[in-house]
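K.L.:
Starting off with a structure, shown below.
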Amino acid sequence: MVQIRIHGRGGQGVVTAAELLAKAAFIDGLYAQAFPDFGVERSGAPIQSFVRLDRQAIITKEQVYKPDILIIQDSSLLNENEILEGIHPKTILIINSNKDKNIKLLLKNKIKSANIYLTPATEIAMELLGKNLVNTVILGAFIKATGLISINSLLQAIDEKFTDKGLPIISQNKKAVLKAYEFKE
């Protein structure tokens, strides 16, 4: 079983990111589970979501305490100690950052994971979506870093999830995902 924890702030689409990952995994034939954890909803407040993927039925219902993959949609959250709790040397970190190599150096001194991927999700979102909504964008980086689900399944999940938002929104999100997927650090 692969356990994923997603951290971000209210309004960044943390819950939707988890739902899209689970939907894409399901399209790829995996079992998937996604659920959020947050208190009183307010824009900018820290929020986390959890995703589990497996080839067999998922029975556990608890939060993800030891993530195999940690997605951080807002790098300012790295200042909070609990964000990195439970990671292990093989944990893959996918961080929304504008190529700031200092983040990698800081983290390598703080943790033992060598699997740190930075993606300029905010810049891509601002360019293609017109706002700092990085949820779909960072999933492109997730697929590139992990290969756990296919890019085509994520694009199909976006079609299904955003049907009511219209073709322009769907198209913009797909372009943003592909740009993050193709980004070279």
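K.L.:
On the given criteria, is residue 150 touching a residue at least 40 places away in the same chain (Cβ under 8 Å), of a type in the set (Gly, Ala, Ser) and surrounded by fewer than 19 Cβ atoms within 10 Å (Cβ to Cβ)?
P.N.:
yes
K.L.:
Given the conditions (1) among the hydroxyl-bearing types (Ser, Thr, Tyr); (2) modelled with pLDDT of 95 or more; (3) under 14 Å from the mean Cα position of the chain (by Cα), which single one is not true for residue 31?
P.N.:
Exception for residue 31: condition (3).
K.L.:
Of (1) in contact (Cβ under 8 Å) with a residue 60 or more places away in the chain; (2) surrounded by 20 or more Cβ atoms within 10 Å (Cβ to Cβ); (3) on the phi < 0 side of the Ramachandran plot, residue 52 satisfies all except one. Which?
P.N.:
(1)
K.L.:
Further question on the same structure: Check the range 6-28 and report whether any residue there is in a strand (DSSP E or B), of a type outside the set (Ser, Thr, Tyr), within 18 Å of residue 154 (Cβ to Cβ) and modelled with pLDDT of 95 or more.
P.N.:
yes
K.L.:
For the range 162-181, what are the residues that are touching a residue at least 12 places away in the same chain (Cβ under 8 Å) and over 16 Å from the mean Cα position of the chain (by Cα)?
P.N.:
170, 172, 175
K.L.:
Sticking with this structure for a sec: Could you figure out which of (1) closer than 21 Å to residue 48 by Cα; (2) at pLDDT below 95; (3) of a type in the set (Gly, Ala, Ser) isn't true of residue 140?
P.N.:
For residue 140, the failing item is (2).
K.L.:
Something else: Just a yes or no: is a residue in the range 134-157 more than 23 Å from residue 2 (Cα to Cα) and more than 11 Å from the chain's Cα centre (by Cα)?
P.N.:
No, there is no match, as no residue in the range 134-157 is more than 23 Å from residue 2 (Cα to Cα) and more than 11 Å from the chain's Cα centre (by Cα).
The values are calculated or read from the model by the stated rules, or taken from the named source; none is laboratory data. Quick caveat: nothing in here was measured; it's all calculated off a predicted structure. Neighbour counts run over all protein chains shown; Cβ positions are idealised from the backbone, glycine included.
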